[in-house]
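Below is one structure, written out as C-alpha cells; comments come after it.
The values are calculated or read from the model by the stated rules, or taken from the named source; none is laboratory data. Here the structure is a predicted model, which means the values were calculated and not measured. With ideal geometry, Cβ positions are generated from the backbone for all residues, glycine too; neighbour counts draw on all protein chains shown.
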Amino acid sequence: MSRILVAVSSPWAAQKVVDPVADLAKRLGAEVLVVHVSRPSGGQMREQEQANGEAAIHLLREKLQERGLNVQELLMFSDDIARAVINTAVERDVTLIVLGLTGKNVFARLLAGNVPVELIRQTKIPVLILPPDWSKTV
C-alpha cells in the first residue's frame with residue numbers, strides 16, 4: 001500500500017491541502033501520515049508553535065478521515081525540519097512527501113530556512129509541492 005506523508009506548518013496550510021491530498025490519496029489507495037515539525041525553542045514561542053502544529057495536524061487528520069481515508073498524525077521537534085521529515089518518511093516507508101507552501105515571503109524564508117529546498121535536495125523520495133494559491137479550477 002502507498003503511504004503519503006503530508007508536512008504541514010499551520011492550520012491555514014493544512015486547510016489548503018485537504019482537497020488535493022484527499023484526491024491524491026484516494027487515487028493511489030494510500031494511507032496518509034500528517035506531520036508537523038516544530039523547532040525546539042523555549043518558552044511562549046514554543047508553546048504557540050506547538051499549539052499551531054497540533055491544530056494543523058488535527059484539522060487535516062479530521063478532514064481526511066471524514067473523506068474515508070486512513071490517517072495517522074505525528075508532532076515532532078527538531079532543529080532540522082527537513083531532516084526530521086526525511087527520517088520519518090524513510091522509517092515509515094513513505095512513497096510520496098507532500099508540502100503545502102505557506103506563502104511566506106523571501107525574508108521570512110531566509111529567517112526560518114527554506115525547508116522545501118532542503119527537503120528536495122536531501123531526499124530520493126518524490127516530493128509534491130502545492131502552492132498556497134493552488135486551485136483545481138485553475
Whichever residue in segment 21-36 is without any contact (Cβ under 8 Å) to a residue 60 or more places away in the chain and among the β-branched types (Val, Ile, Thr) and, among such residues, is nearest to residue 115 (Cα to Cα) = 35
Selection from segment 13-30 of residues that are touching a helix residue (DSSP H, G or I) at 6+ places or on another chain (Cβ under 8 Å) and assigned to a helix (DSSP H, G or I) = 13, 14, 15, 17, 18, 21, 22, 25
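Looking only at segment 5-45, filter to residues that are in contact with a Phe, Trp or Tyr (Cβ under 8 Å, 6 or more places away or on another chain) and surrounded by fewer than 19 Cβ atoms within 10 Å (Cβ to Cβ); which one of those is modelled with the highest pLDDT?
Going residue by residue through segment 5-45, those that are in contact with a Phe, Trp or Tyr (Cβ under 8 Å, 6 or more places away or on another chain) are 16, 20, 37-40.
With surrounded by fewer than 19 Cβ atoms within 10 Å (Cβ to Cβ) added as a condition, the list becomes 20, 39-40.
Working: 20: 92, 39: 79, 40: 77.
Per the criteria, the residue is 20.
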Going through segment 46-61 in order, the residues found to be surrounded by 15 or more Cβ atoms within 10 Å (Cβ to Cβ) and of a type in the set (D, E, K, R) are 49, 54, 61
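Please verify whether residue 88 is touching a residue at least 60 places away in the same chain (Cβ under 8 Å) and more than 13 Å from the chain's Cα centre (by Cα), treating the condition exactly as stated.
Numbers: touching a residue at least 60 places away in the same chain (Cβ under 8 Å): yes; more than 13 Å from the chain's Cα centre (by Cα): no.
No: the conditions fail for residue 88.
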